[in-house]
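The values are calculated or read from the model by the stated rules, or taken from the named source; none is laboratory data. Everything numeric here is computed off the predicted structure, so don't read it as measured data. Every residue, glycine as well, gets a Cβ built from its backbone with ideal geometry; the counts of neighbours run over all protein chains shown.
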Amino acid sequence: MARLFWYLVMLAFGAVLLAGASWAAAYTSVGTLLGSPPPDMGKSSITFLWDGMPSLPSHPRVWLFAYGPTRIAGAPNVRIYVRPTGQILRVEPADLVARLKAFHNPPY
């Protein structure tokens, strides 16, 4: 019985390490996308979508980084969908990269 308990504890510890590594990869990808220094993104929310991303046919499981209200012109709310491996799947609004570029490099 003690051995079973030990295996369950080790399995839970491994799952926590795997989840932490997944979150770190996703967080790093979002940080790279937002640039340095990141703009004021307002209130943030990070959620793992167990049921998957509803707008894609395969419904892959993703991390959802939601921000709002932001100081980026034309993007009051931002949603970034990231695979557990750190690959960015979708960004809402779709032209966020161009908006961030304009935010970091103002024309004046």
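Restricting to the range 5-49, give me the number of residues that are aromatic (Phe, Trp, Tyr) and over 16 Å from residue 85 (Cβ atoms).
Of the residues in that region, 4 qualify.
Give all pairs with beta carbons closer than 9 Å in which a residue from the range 79-103 that is closer than 12 Å to residue 34 by Cα meets a residue that is outside any strand (DSSP E or B) and charged (D, E, K, R); count only pairs at least 6 apart in sequence or on separate chains.
If the second residue must be outside any strand (DSSP E or B) and charged (D, E, K, R), the pairs left are 103/71.
So residue 81 fits all but one of (1) at pLDDT below 90; (2) surrounded by 15 or more Cβ atoms within 10 Å (Cβ to Cβ); what number is the exception?
Tallying (1) at pLDDT below 90; (2) surrounded by 15 or more Cβ atoms within 10 Å (Cβ to Cβ), residue 81 fails exactly one: (1).
Just one of (1) on the phi > 0 side of the Ramachandran plot; (2) of a type outside the set (Lys, Arg); (3) in contact (Cβ under 8 Å) with a residue 60 or more places away in the chain trips up residue 74, so point out which.
(3)
Residue 3: assigned to a strand (DSSP E or B), of a type in the set (Lys, Arg) and out of contact with any helix residue (DSSP H, G or I) (no Cβ under 8 Å at 6 or more places or on another chain), yes or no? Can you show your working first?
On the way: assigned to a strand (DSSP E or B): no; of a type in the set (Lys, Arg): yes; out of contact with any helix residue (DSSP H, G or I) (no Cβ under 8 Å at 6 or more places or on another chain): yes.
No.
Among (1) exposed (fewer than 15 other Cβ atoms within 10 Å of the Cβ); (2) touching a residue at least 40 places away in the same chain (Cβ under 8 Å), where does residue 18 come up short?
(2)
When the range 84-96 is examined, which residues are found to be surrounded by 14 or more Cβ atoms within 10 Å (Cβ to Cβ), over 30 Å from residue 17 (Cα atoms) and hydrophobic (A, V, I, L, M, F, W, C)?
Matches in the range 84-96: 96 only.
Looking at the range 50-77, which of its residues are more than 19 Å from residue 93 (Cα to Cα), modelled with pLDDT of 85 or more and not charged (D, E, K, R)?
If the condition is that a residue be more than 19 Å from residue 93 (Cα to Cα), modelled with pLDDT of 85 or more and not charged (D, E, K, R), then 50, 60 are the ones that fit.
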